[in-house]
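Below is one structure; the comments refer to it alone.
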Amino acid sequence: MMIMMKSLKIDFHADTLYKKLFSQTTQFISGKFPFFHFSKEKMQEGDLDLQVLALFVPTEVVNLSVEITMKMIALAYKMRDLEGFQLIKNKKDIQELQNNDDLGIMLSIEGAIILENNIELLQLFYELGVRSIGLAWSRKNNYAQGVPYETNGVSDEGKLLIEELDNLGIIIDVSHLNKKGFFDVVNITNNPFIASHSNSFSLCSSMRNLMDDQLEAIQSVEGVIGINFNPGFLNNKPENASIKDVINHIDYITNKIGSNYVGLGSDFDGIIKVPLGLEDVSKLKLIPKLLSEGNYSQKDIRSIMGGNFQRVISKVWKK
Ligand SMILES: [Zn+2]
């Protein structure tokens, strides 16, 4: 008899490490964040299995990017050792997470600017657990440009980086990337890639969202778009944003390209304002509930809640 394994529930983007690090030092964002959207208890309550934690370096301190990234990685290892999270690094870890009630965390670099002049550290970041990399944040770097910059796509150095990421088995993340860069990635990588935290431009005209031709490109490479909960990316009137908008973006993308290419990338702890009904990670459990009231089968819902990201993981990761 075949044993049915559950598919994981995954949120592919939260900025909790950044918030933890800078709320310790408080010199950059003193008192701006009253509390964390993500915690162990909230993750359990929200019925989430795997939280991807971004390694993001603010522009003011980008000259200290390696030091700051290493400190954030150290915080993730503390979460593992002191709070009992499992740090997910390979397919065996994913399989184990499917078979138990552990809480998984995974590391992702948000903005390859961290690798500028430090490319020899890529292998080390990999060893430490980085399994996804965003080519650019909303600024320029040697490899690519984030929105709103539009002059160039992926550079020659960027092309080499993408080839190296394919070799290592690191998932490429195109959220924040400009449109030229996006379509360069389509042509360069041999792997499915993701937009970990971006929405549909047709529903909400933020430059951080993806146009229909970009959605179709992600379908063609069998990638995934993770829905971002930033009210400004959900609704043209951000003050009205609610959990219903998250469902609307899922509906729109599903109608356009199918339910196999959409997931969740909340941006929790990176966003200041949250949509009504999705105040923190504990509320994630409401999403499958709302989807089941719509036109979705249980299989569709499992795909959207994490199965699609799991498919990309199993295709891109080498082990
Ligand atoms: Zn971001």
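Listed by first and then second residue, the pairs linking a residue in the range 104-129 that is within 30 Å of G46 (Cα to Cα) to a residue that is aromatic (F, W, Y), with Cβ atoms under 6 Å apart and 6 or more places separating them unless they lie on different chains, are I105/F85; E110/F56; E110/W137; G111/W137. Restricted to the range 192-209, and to residues there that are surrounded by 21 or more Cβ atoms within 10 Å (Cβ to Cβ) and more than 14 Å from the ligand (Cβ to nearest atom), the residue that is farthest from S132 (Cα to Cα) is C204. Of all the numbered requirements in (1) surrounded by fewer than 22 Cβ atoms within 10 Å (Cβ to Cβ); (2) within 22 Å of A54 (Cβ to Cβ), S292 misses one, and that requirement is (2). Cβ-Cβ contacts under 8 Å between residues 6 or more apart (or on different chains), taken from a first residue in the range 80-93 that is under 17 Å from S132 (Cβ atoms) to a second residue that is hydroxyl-bearing (S, T, Y), are listed as L87/Y77; K91/S314. Just to be sure I understand, how many residues within the range 39-71 are among the hydroxyl-bearing types (S, T, Y) and more than 19 Å from F85 (Cβ to Cβ)? So the count comes out to 2. Between L165, L215, L210, which is more than 17 Å from D251 (Cα to Cα) and within 17 Å of the chain's Cα centre (by Cα)? It is L165. On the stretch given as the range 228-272, residues that are touching a Ser or Thr at 6+ places or on another chain (Cβ under 9 Å), at negative phi and within 13 Å of the ligand (Cβ to nearest atom) total 8. Tell me which residues, restricted to the range 133-161, are among the acidic types (D, E) and either in a strand (DSSP E or B) or at pLDDT 95 or above (or both). D156, E157 - these are the residues of the range 133-161 that are among the acidic types (D, E) and either in a strand (DSSP E or B) or at pLDDT 95 or above (or both).
Is it the case that E164 is assigned to a helix (DSSP H, G or I), farther than 24 Å from D11 by Cβ, in contact with a helix residue (DSSP H, G or I) (Cβ under 7 Å, 6 or more places away or on another chain) and more than 16 Å from the ligand (Cβ to nearest atom)? Here the answer is yes, as E164 does meet what is asked. Counted as qualifying within the range 237-319 are the helices (runs of 4 or more DSSP H) with 1 or more residues that are under 30 Å from N191 (Cβ atoms), in contact (Cβ under 8 Å) with a residue 12 or more places away in the chain and small (G, A, S), namely 308-316. Of the candidates D212, D245, the single residue that is acidic (D, E) and surrounded by fewer than 19 Cβ atoms within 10 Å (Cβ to Cβ) is D212.
Within the range 145-161, the set of residues being more than 16 Å from N117 (Cβ to Cβ), aliphatic (A, V, I, L, M) and more than 14 Å from the ligand (Cβ to nearest atom) comprises V154 only. Assess whether E60 counts as being free of Cβ contacts under 8 Å to residues at least 60 places away in the same chain, farther than 18 Å from N142 by Cα, part of a helix (DSSP H, G or I) and acidic (D, E). Answer is no for this residue. Could you please let me know if Y77 is closer than 15 Å to L17 by Cα, of a type outside the set (D, E) and either at pLDDT 95 or above or in contact with a Gly (Cβ under 6 Å, 6 or more places away or on another chain) (or both)? Answer is yes for this residue. Just a yes or no: is a residue in the range 71-89 more than 22 Å from S196 (Cα to Cα), surrounded by fewer than 20 Cβ atoms within 10 Å (Cβ to Cβ) and among the aromatic types (F, W, Y)? Among the residues of the range 71-89, at least one is more than 22 Å from S196 (Cα to Cα), surrounded by fewer than 20 Cβ atoms within 10 Å (Cβ to Cβ) and among the aromatic types (F, W, Y), which makes the answer yes.
The values are calculated or read from the model by the stated rules, or taken from the named source; none is laboratory data. Being a predicted model, the structure only gives us computed values, none of them experimental. As a convention, Cβ positions derive from the backbone with ideal geometry for all residues, glycine included, and neighbour counts pool all protein chains shown.
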